[in-house]
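What follows is a single structure, written as structure tokens, with notes after it.
Values in this text are rule-based calculations from the coordinates and carry no lab data. Bear in mind that the values here come from a model prediction, so they are computed numbers and not experimental data. Ideal geometry is used to build each Cβ from the backbone, glycine not excepted, and the neighbour counts take in all protein chains shown.
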Amino acid sequence: MRRQASKSTTKRATNVSVRSDLLAAARDAGLNLSATLERALIAELAEAQRTKWRRDNREAIAAYNEHVEKHGTFSDRLRGF
């Protein structure tokens, strides 16, 4: 599930450490560092959530896959291909 930031979302100033060459290149390219960091954090958090979900559901997924291997799926007898 992806959350969209609303316009009323509070922003906070923070300090981060960035390699000086990357900072200079980003400034030269006219990149908005705050927006870039927010997009990167959204992507990293989404990946962390996917990884956690897969870890938390590993046993159920394995049991389902084993069931399908043994018994097939409901749609197997309905498909014409």
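Taking each residue of region 31-44 that is without any contact (Cβ under 8 Å) to a residue 40 or more places away in the chain and looking for partners that are of a type outside the set (A, V, I, L, M, F, W, C) and surrounded by 10 or more Cβ atoms within 10 Å (Cβ to Cβ) with beta-carbon atoms closer than 9 Å, six or more apart or interchain, yields 33/27. In region 41-81, of all residues being under 30 Å from the mean Cα position of the chain (by Cα) and aromatic (Phe, Trp, Tyr), the one that is farthest from residue 11 (Cα to Cα) corresponds to 64. From the list 31, 37, the one residue that fits, being surrounded by 11 or more Cβ atoms within 10 Å (Cβ to Cβ), not aromatic (Phe, Trp, Tyr) and not in a helix (DSSP H, G or I), is 31.
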